[in-house]
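Read through the structure below, which is laid out as structure tokens, and then see the notes.
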Amino acid sequence: MHKISISRKIFLTFNYILLTVTAIVCILPLINVLAISFSSSSAAAAGYVKLWPVDFTVASYKYALTKNEFLTGFFVSGKRVLLGYIVNMLITISIAYPLSKEKKALGMRNVYAWFFIITMLFHGGLIPTYMTIKSLGLLDTIWALVLPGAVPVFNVILLMNFFRNLPKEIEEAAYIDGAGHWRVLWSIYCPLSKPALATISLFVLVGHWNSWFDGLIYMNSPANYPLQSYLQTIIIEADPSIVSSNELLDMSEISNRTFKSAQVFLAAFPVLIIYPFLQKYFMKGLVFGSVKG
């Protein structure tokens with residue numbers, strides 16, 4: 001039986017304590033927001049709510065789920081995530097596969113690779129990007145939120161490195177059986193790259209769902225805001241132009257703090273649901289994709 005040294009035990013104990021404390025620090029704000037969202041308006045306003053609801057109520061959730069702006073933002077974000085995921089994954093896989101080949105198989109491979117890497121180091125800038133989107137007539141459309149980030153270069157590099165670590169013998173056997181590049185890509189590379197694809201999927205889904213700044217820039221009408229842009233507006237800026245007089249009357253019966261907490265938790269809920277299903281692939285995909293340069 002392998003004996004663990006005292007120094008190793010101390011190291012492991014310190015690591016467990018550090019990670020436990022870090023996890024608690026990260027999750028406490030979310031628990032506090034959840035507790036406030038389920039508490040009465042008077043308890044939340046008085047600051048009595050810490051980590052457990054006081055005077056439990058779901059009134060804020062009922063109001064949030066019947067609010068048109070919230071539901072519209074939720075729908076826009078859902079559409080953005082769906083379109084963005086399809087576009088990002090198709091482009092990422094299509095670029096990563098040829099770049100994973102040896103130089104003798106793809107002439108000027110390094111030139112193509114540096115072409116994409118340079119875009120990571122030097123961005124076009126906010127104003128030129130906005131002018132481009134405007135000149136293309138994409139303002140106030142869902143494509144203004146999807147197309148500017150259609151080529152996530154970091155994800156391309158991650159997937160390219162994962163492809164390069166796959167056994168070449170499998171690919172060569174497929175070629176001998178008459179398979180072409182598209183067949184090899186979709187029937188061999190993609191099924192063998194589930195950890196990397198799951199990791200990239202998580203990046204893409206969370207990135208699109210949590211993005212709020214581009215919604216404020218590219219959407220002229222608040223009715224076209226994705227959910228996070230809408231939340232940023234009501235929580236940070238508190239823009240009165242998107243709150244009607246009837247809504248202000250309704251808000252008098254519900255604490256503004258509990259209502260915002262309910263919306264924040266509802267916005268975070270889809271990511272909390274998805275993450276456990278992809279978490280088991282996350283570390284494997286990230287580590288394998290970063291081994292080979």
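The values are calculated or read from the model by the stated rules, or taken from the named source; none is laboratory data. Just so you know, these numbers come straight off a predicted model, no measurement behind them. Cβ placement follows ideal geometry from the backbone for every residue including glycine, while neighbour counts extend to all protein chains displayed. In case anyone asks, the SASA skips ligands and DNA or RNA and just uses the protein heavy atoms, side chains included. Shrake-Rupley method; radii C 1.70, N 1.55, O 1.52, S 1.80 Å.
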Q: Could you please find all residues in segment 153-173 being surrounded by fewer than 17 Cβ atoms within 10 Å (Cβ to Cβ) and not β-branched (Val, Ile, Thr)?
A: Phe154, Asn165, Leu166, Pro167, Lys168, Glu169, Glu172, Ala173
Q.
I need the full set of residues from segment 249-276 which are at pLDDT below 60 and aliphatic (A, V, I, L, M), in order please.
A. Leu249, Met251
Q. If you check every pair at least six apart or on different chains, which have Cβ atoms under 7 Å apart with a residue in segment 7-36 that is under 29 Å from Phe259 (Cα atoms) first and a residue that is assigned to a helix (DSSP H, G or I) second?
A. Val33/Ser261; Val33/Val264; Val33/Phe265; Leu34/Phe265; Ile36/Ala44; Ile36/Arg257; Ile36/Thr258; Ile36/Ser261
Q | Residue ID - least open to solvent (accessible area, probe 1.4 Å), chosen from residues in segment 44-72 that are part of a helix (DSSP H, G or I) and of a type in the set (Phe, Trp, Tyr) | A | Phe70
Q.
Are there helices (runs of 4 or more DSSP H) fully within segment 139-246 with at least 1 residues that are modelled with pLDDT of 90 or more? List them.
A. 143-146, 153-164, 181-184, 194-210, 213-218
Q: Determine which member of the set Glu102, Glu69 is of a type in the set (D, E, K, R) and under 30 Å from Phe154 (Cβ atoms).
A: Glu102
Q) If you go through segment 37-55, how many residues are more than 15 Å from Ser261 (Cα to Cα) and either under 32 Å from the mean Cα position of the chain (by Cα) or hydrophobic (A, V, I, L, M, F, W, C) (or both)? A) 1
(Q) Can you list residue pairs whose Cβ atoms sit under 8 Å apart, with the first residue in segment 111-125 being within 14 Å of Pro152 (Cα to Cα) and touching a residue at least 24 places away in the same chain (Cβ under 8 Å) and the second being in a helix (DSSP H, G or I) and open to solvent by 80 Å² or more (accessible area, probe 1.4 Å)? Count only pairs 6 or more apart in sequence or on different chains. (A) Met120/Phe154
Q | Criterion violated by Ile24 - all others in (1) open to solvent by 50 Å² or more (accessible area, probe 1.4 Å); (2) more than 20 Å from Ile200 (Cα to Cα); (3) modelled with pLDDT under 90 satisfied | A | (3)
**Q.** Single match in Lys9, Lys3 (criterion: over 30 Å from Trp212 (Cβ atoms), open to solvent by 90 Å² or more (accessible area, probe 1.4 Å), not in a helix (DSSP H, G or I) and not β-branched (Val, Ile, Thr))
**A.** Lys3
(Q) Can you find a residue that is open to solvent by 20 Å² or more (accessible area, probe 1.4 Å), within 22 Å of Ala267 (Cα to Cα), free of Cβ contacts under 8 Å to residues at least 60 places away in the same chain and assigned to a loop (DSSP other than H, G, I, E, B) anywhere in segment 78-96? (A) no
Q. Mind checking which residues of segment 122-139 are open to solvent by 90 Å² or more (accessible area, probe 1.4 Å), within 17 Å of Gly215 (Cβ to Cβ) and not charged (D, E, K, R)?
A. Leu126
Q: Go through the residues of segment 105-114 one by one and say whether even a single one is open to solvent by 60 Å² or more (accessible area, probe 1.4 Å), more than 30 Å from Tyr225 (Cβ to Cβ) and not in a helix (DSSP H, G or I).
A: yes
